[in-house]
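Read through the structure below, which is laid out as structure tokens, and then see the notes.
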Amino acid sequence: MFRKPVTAIYTKRKKPNHKIYYRSITTTKQVLGGHKKQAEVFQIIRPKKPEERIVDIYPPQAKYNKETLSNSEWRQRYGRTQVKIATHYHDIFPTVCDVFRPRINLNVHWPSSNRSSYFGNQLTPTETAEKPNVKYFIPTKPGQWTLIMFDPDAPSRDEPIYGEWLHWLIVNIPGSNVSEGKTIVDYVCPSPPENSGGHRYIFLLCEQKGGQMDWNLPFISDKTAEGRSNFSSRKFIREWGLVPKGLSFFTSFWDAHVPNVEKSLGVELKYIIPKQRSSRKTIPDNSFRSF
């Protein structure tokens, strides 16, 4: 007597949502003895819609002083976290840049406002108006380096027809002496148009394989917007044989300082909100028949 074959039905289990990040909040916490003190806790949040996202997101270990960490310590504490946030939350890898593992602790700091670029935090155009201080440490051979800053969301993240918009470009940087490098494009602070939403601003530190090179590129001053739009970081890196080693990024929205940037550039940055399409189905006139 033969048994009937049994068909097994396997259901695929859903993977848990790993896109969990932390937000630092200060609250009162009761300790031993009934006393209360201000304590810092980390609240777990999940990404929402792009227009409702919370921008100041970082893991609990980010409270260490990042500037004093060596490259190996920074990679151990923040390397994977930065790649995850850039990939899942800000959609930088692989949409904007090719995926790479950052190896250098890249610090971008604005002394006038005492703010720094960190894991996609939110900075205003007023806070980033002046040229930042860029610091990093090269433990072995100094070599030659290139620093790029660009905005992939010009004029908006939904319709980036002018992106990437080049904000800053320095080449032939000897080691970590950014001030001694050759400036190809002068620094222009973030200037997102009004009602265009949040913009991502990305810093890439790349190593020049061939050492010091002869860059036959025209100089672009901070008084003009010509030659900045439709820049391609991917194409630029491949053409000049650069190797990305450092990454830093932040987000910014429109504020009252943007009109000043428009005057200095001699342009007017406008963003027209696209009209929403009606969800109702329209019936053509020839669809009615007389009986």
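A few notes on this one:
- Averaging Cα coordinates gives a centre for the range 67-135 and one for the range 187-207; these two points are 13 Å apart.
- Residue-by-residue Karplus 3J(HN,Hα) for the range 99-115, coefficients 6.51, -1.76, 1.60, Hz, glycine and proline x: 5, 8, 8, x, 10, 10, 7, 8, 10, 10, 10, 9, x, 5, 9, 6, 10
- Accessible area per residue in Å² at 1.4 Å probe, computed on the range 88-227: 43 Å²
- About the Cα centre, charge dipole magnitude for the range 76-123 (Lys/Arg +1, Asp/Glu -1 at Cβ), debye: 240 debye
- Residue among Gln122, Tyr89, Ile138 farthest towards the positive dipole end of the range 83-152, charges placed on Cβ: Ile138
- For the range 52-208, relative contact order (Cα pairs under 8 Å, six or more residues apart, normalised by length) works out to 20 percent.
- Less than 5 angstrom separates the built amide H of Leu247 from those of Ile104, Leu106, Leu205, all sequence-distant by 5 or more or on a different chain.
- Length gained on full extension, Thr81 to Thr95, computed as 0.36 nm times the residue gap minus the Cα-Cα distance: 3.3 nm.
- Within-9-Å neighbourhood charge of Pro152 [Cβ basis; K, R +1; D, E -1]: -1
- Positive-end ranking of Ile170, Pro192, Ser156 along the dipole of the range 149-200, with charges on Cβ about the Cα centre, is headed by Ile170.
- Across the protein chains, with a 1.4 Å probe defining accessible surface, the residues Lys235, Lys141 rank Lys141, Lys235 from largest area downward.
- Average silhouette area of the range 87-234, convex hull of alpha-carbon atoms, in square nanometres: 9.2 nm²
- With all protein chains in place and a 1.4 Å probe, the accessible surface of the range 105-183 carries 49 percent carbon and sulfur.
The values are calculated or read from the model by the stated rules, or taken from the named source; none is laboratory data. Here the structure is a predicted model, which is why all the values come from computation and not from measurement. In this analysis, Cβ positions are derived from the backbone assuming ideal geometry, glycine residues included, and neighbour counts consider all displayed protein chains. Areas reflect the complete protein model, heavy atoms only, side chains present, ligands, DNA and RNA absent. Shrake-Rupley method; radii C 1.70, N 1.55, O 1.52, S 1.80 Å.
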